[in-house]
Amino acid sequence: MKQIAFTLLLLSAFSYGQTSETPKNNNLELGAFSVSLKVKDIKKSVEFYQKLGFTYKNGNIDQKWVVLKNGNTVIGLFEGYIEGNTLTFNPGWDQNAKNLENFTDIREIQKTLKSENVKLDREADENTKGPEYILLKDPDGNPILIDQHR
């Protein structure tokens, strides 16, 4: 009986587009998205992802970091650079790492996040301009890097 009641409740929420919480829509533009992967052997990892159709986009395998792309999907492979797999956003870039004419500066993103009481593990210096980054974690501890390159 509980299963039927739950199913009916779920169906009514979908039917009417209502949930118990109203999601906020901040439209916070974070820029290009990629997943940065911590790898044990950069050469083996590059070989593996190339078999999945990824091609070289940027980086230096001798420095143990490479960015690969498959369609609009971008992954960064990092040996010895990051503590764990990380969601990465790049304000000012599109998915092809091309400069966007208009974008939200990292310092504005930081102000918005702080106004929403989001804890930042590393803050950008608000007295500077240009390249800067912030680090935070989602509620499950997944690291998020927002890294502005210009």
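The values are calculated or read from the model by the stated rules, or taken from the named source; none is laboratory data. For clarity, every value in this text was computed on a predicted model and none was experimentally measured. Neighbour counts run over all protein chains shown; Cβ positions are idealised from the backbone, glycine included. Quick note on the areas: whole protein, heavy atoms, side chains included, nothing else; ligands and nucleic acids left out. Shrake-Rupley method; radii C 1.70, N 1.55, O 1.52, S 1.80 Å.
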Does residue 50 satisfy the condition of being within 27 Å of residue 134 (Cα to Cα), at pLDDT 90 or above and among the polar types (S, T, N, Q)?
no
Lone unmet requirement of (1) buried (at least 16 other Cβ atoms within 10 Å of the Cβ); (2) in contact (Cβ under 8 Å) with a residue 40 or more places away in the chain; (3) under 16 Å from the mean Cα position of the chain (by Cα) for residue 83:
(1)
Identify the residue in region 86-104 that is open to solvent by 50 Å² or more (accessible area, probe 1.4 Å) and assigned to a strand (DSSP E or B) and, among all such residues, is farthest from residue 28 (Cα to Cα).
99
Per the filter on region 39-80, residues charged (D, E, K, R), surrounded by fewer than 17 Cβ atoms within 10 Å (Cβ to Cβ) and assigned to a strand (DSSP E or B) are 57
Residue 114 vs. criteria among the basic types (Lys, Arg), outside any loop (DSSP other than H, G, I, E, B), at pLDDT 95 or above and open to solvent by 100 Å² or more (accessible area, probe 1.4 Å)
no
Conditions (1) modelled with pLDDT of 95 or more; (2) open to solvent by 80 Å² or more (accessible area, probe 1.4 Å): number failed by residue 128
(2)
